[in-house]
Amino acid sequence: MIGYPEMRANFIVVKGTIYQLVDNFTLFYFRFMEQKQDSNFWIRTIGKTAYNVWCGLAFERVCFQHVEQIKKALGISGVISNVYSWIFRAQNADEQGVQIDMLIDREDGTINLCEIKYSDDKYKISKSYSDDLNRKVSVFKSKTHTRKAVFTVMITTKGLFDNAYARDVQGQVAMEEMFE
């Protein structure tokens, strides 16, 4: 798009305002179908980094399009809330930046810090990922100075693999719950 200051994969920035394309079919078409492809395109694409990244980003979009179903699955459908993403960019070498996929900022004094993970199987939380989740909560609380309770929620395609680290999150939602 000629004349726009910044163009990214699915959004443009014009004079500091972000305009985002959210139609899933159009995004898929521009990413995978518009290009001239040979008959072996899918065989060579599935399982590769570009495909996996696409699946993760597409799943995030689907989650944001199904916030009411996510809230219902968490048992908070009647609670007034705002939903957004949050990012903290490190200001110096002593800090670490964090990105949070979805926050459900509730009027009942609670925030659900939601991490969205696409996986072909149940998502397995490792010790290092559990530590990363705890760090995200800590940085979020520190930088926002929130006094609300912060609960970690995992939103996954197939649910969580049951291990000790899965028990550290306060809630989980599987994709099937978004389509009931």
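Numbers below:
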{"quantity": "Other-chain or far-sequence residues with amide H under 5 Å of residue 85's (modelled H)", "calculated": "103"}
{"quantity": "Solution diffusion estimate, µm²/s, Stokes-Einstein, region 71-180, Kirkwood Rh from C-alpha pairs, 25 °C, viscosity 0.890 mPa s", "calculated": "167 µm²/s"}
{"quantity": "31 Å Cα-Cα threshold exceeded, pairs from 48/136; 48/72; 48/141; 117/141", "calculated": "48/72; 48/141"}
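Read-outs throughout are calculated quantities, based only on the coordinates presented, and are distinct from any laboratory measurement. Bear in mind that the values here come from a model prediction, so they are computed numbers and not experimental data.
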